[in-house]
1. When you look at Glu184, is it modelled with pLDDT of 95 or more and assigned to a loop (DSSP other than H, G, I, E, B), yes or no?
2. What's the number of the only condition in (1) assigned to a helix (DSSP H, G or I); (2) touching a residue at least 40 places away in the same chain (Cβ under 8 Å) that Ser212 fails to meet?
3. Criterion first (more than 14 Å from ligand 1 (Cβ to nearest atom), open to solvent by less than 30 Å² (accessible area, probe 1.4 Å) and part of a helix (DSSP H, G or I)) does Ala33 satisfy it?
4. Glu267 is checked against (1) open to solvent by 20 Å² or more (accessible area, probe 1.4 Å); (2) closer than 30 Å to Glu148 by Cα and fails just one. What number does that condition carry?
5. Being modelled with pLDDT of 95 or more, of a type in the set (A, V, I, L, M, F, W, C), within 16 Å of ligand 2 (Cβ to nearest atom) and in contact with a helix residue (DSSP H, G or I) (Cβ under 7 Å, 6 or more places away or on another chain) is true for just one of Val196, Val189, Val166. Which residue is that?
6. For the stretch 69-91, check the following and say yes or no: at least one residue is free of Cβ contacts under 8 Å to residues at least 40 places away in the same chain, more than 21 Å from Val199 (Cβ to Cβ), touching a helix residue (DSSP H, G or I) at 6+ places or on another chain (Cβ under 9 Å) and open to solvent by less than 20 Å² (accessible area, probe 1.4 Å).
7. Given the condition assigned to a helix (DSSP H, G or I), within 12 Å of ligand 1 (Cβ to nearest atom) and either touching a residue at least 24 places away in the same chain (Cβ under 8 Å) or surrounded by fewer than 24 Cβ atoms within 10 Å (Cβ to Cβ) (or both), answer yes or no: does some residue in the stretch 41-62 qualify?
8. Look through the stretch 103-134, keep the residues that are open to solvent by 50 Å² or more (accessible area, probe 1.4 Å) and among the acidic types (Asp, Glu), and return whichever of them is farthest from Leu198 (Cα to Cα).
Amino acid sequence: MNQAMGAGGGAGQRVVLDGDYGIDDALALLYLAGTGAVQICAVGTVHGNTGAVQAAHNALHLLGLAGLPGVPVAVGAHRPLAQAVKYSSLVHGDDGMGGQAVPPTPDRRPVVESAAEQLVRIARAHPGECSVLATGPLTNLALALQLEPELPRLVSRVVVMGGAVVEPGNVSPLGEANVVHDPEAADLVLSADWPVTLVTVDATMRTWLEPSDLARLEAVTSPAGVFVRDALRHYVRFYDEHYGRRSCPLHDPTAAVVLVDPTAATEVLTRPVRVELRGEHTRGTTVVDRRDNRGPGRPEGTAVRLVLGVDRDRVVREVLDGVLAVS
Ligand code: RIB
Ligand code: CA
């Protein structure tokens, strides 16, 4: 790590990561570590792909592999705000890492504060300087907004992987996993008065790996590369069985690329977004107010920057180059 870098590597913007450290969250973290384009200040974990504690062990292991053992990891919410917890074990394995997770070691422990407390503390210490990348259910961010109502003025921007606009949902007809896993939290975060970029499945479902991309990963020899390659085999098996493609889309890594380089987004819509909380078939749906009228009934609320398309080749190349740069 060069002298100008902080504990989280990278000399650029400070970023707090918040995720449910499953397989694509892992790729996103390693990509960010490999590019060195941002300084990872801290990581918070949340229920979703696995439990928040297991997700923290996964994040600690990944940070160790990435040469960033000094980055603090805080365990966050164990359950959603208003529904029972449900893990995506089928997609990510019981351990979130497709069976590759390693047991925690005594020298690598989460910090004592919660992920929401950690986010608020860092945002207060560096007002206007930190971005947040959320790649899991938004429970921690919602709790942080409740802890510190001034949070929207303390963070510079929030990039979230989640939501579906035209693309079908991936866990219900219209619902995307990170929103469906905590609709109340997602609604609070998307309607708060802060600059949110929502990288939807409309964009991420266009980032499938080609056989040549998988071959690049199969050839890795670094400990980080080997770890993520083995976890990806589980992920690819899920998509093969459920989507009929021996491949996978890069959900969370796409959001990480958009955080680093917003110009990777090729199709963007800026509109208010709310989350449906009551519908029997639509709970967890992102409702985008696409009306253009300026008169009565015009769209109100905070405008969210919805990413609906990305430069697929650029995203995949950036992610693989970043991941493979981790030695
Ligand atoms: O819908 C994709 C999201 O849900 C990603 O964050 C992935 O990790 C899964 O949990
Ligand atoms: Ca995730």
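1. Numbers: modelled with pLDDT of 95 or more: yes; assigned to a loop (DSSP other than H, G, I, E, B): no.
When the stated conditions are applied, Glu184 does not pass them.
2. Here Ser212 meets the rest and fails (2).
3. On the way: more than 14 Å from ligand 1 (Cβ to nearest atom): yes; open to solvent by less than 30 Å² (accessible area, probe 1.4 Å): yes; part of a helix (DSSP H, G or I): yes.
Yes: the conditions hold for Ala33.
4. (2)
5. On the way: Val196 fails: within 16 Å of ligand 2 (Cβ to nearest atom); Val166 fails: within 16 Å of ligand 2 (Cβ to nearest atom).
Sole residue among the options that is modelled with pLDDT of 95 or more, of a type in the set (A, V, I, L, M, F, W, C), within 16 Å of ligand 2 (Cβ to nearest atom) and in contact with a helix residue (DSSP H, G or I) (Cβ under 7 Å, 6 or more places away or on another chain): Val189.
6. Scanning the stretch 69-91, I find at least one residue that is free of Cβ contacts under 8 Å to residues at least 40 places away in the same chain, more than 21 Å from Val199 (Cβ to Cβ), touching a helix residue (DSSP H, G or I) at 6+ places or on another chain (Cβ under 9 Å) and open to solvent by less than 20 Å² (accessible area, probe 1.4 Å), so the answer is yes.
7. In the first step, residues of the stretch 41-62 are kept if they are assigned to a helix (DSSP H, G or I); the result is 52-62.
Then drop every residue that is not within 12 Å of ligand 1 (Cβ to nearest atom), which leaves 55, 58.
Filter again for either touching a residue at least 24 places away in the same chain (Cβ under 8 Å) or surrounded by fewer than 24 Cβ atoms within 10 Å (Cβ to Cβ) (or both), leaving 55, 58.
The answer is yes, given that some residue of the stretch 41-62 is assigned to a helix (DSSP H, G or I), within 12 Å of ligand 1 (Cβ to nearest atom) and either touching a residue at least 24 places away in the same chain (Cβ under 8 Å) or surrounded by fewer than 24 Cβ atoms within 10 Å (Cβ to Cβ) (or both).
8. Asp107
The values are calculated or read from the model by the stated rules, or taken from the named source; none is laboratory data. On a predicted model such as this, the values are computed, not experimentally measured, just so you know. Note: ideal-geometry Cβ built from the backbone for every residue, glycine included; neighbour counts use all protein chains shown. Quick note on the areas: whole protein, heavy atoms, side chains included, nothing else; ligands and nucleic acids left out. Shrake-Rupley method; radii C 1.70, N 1.55, O 1.52, S 1.80 Å.
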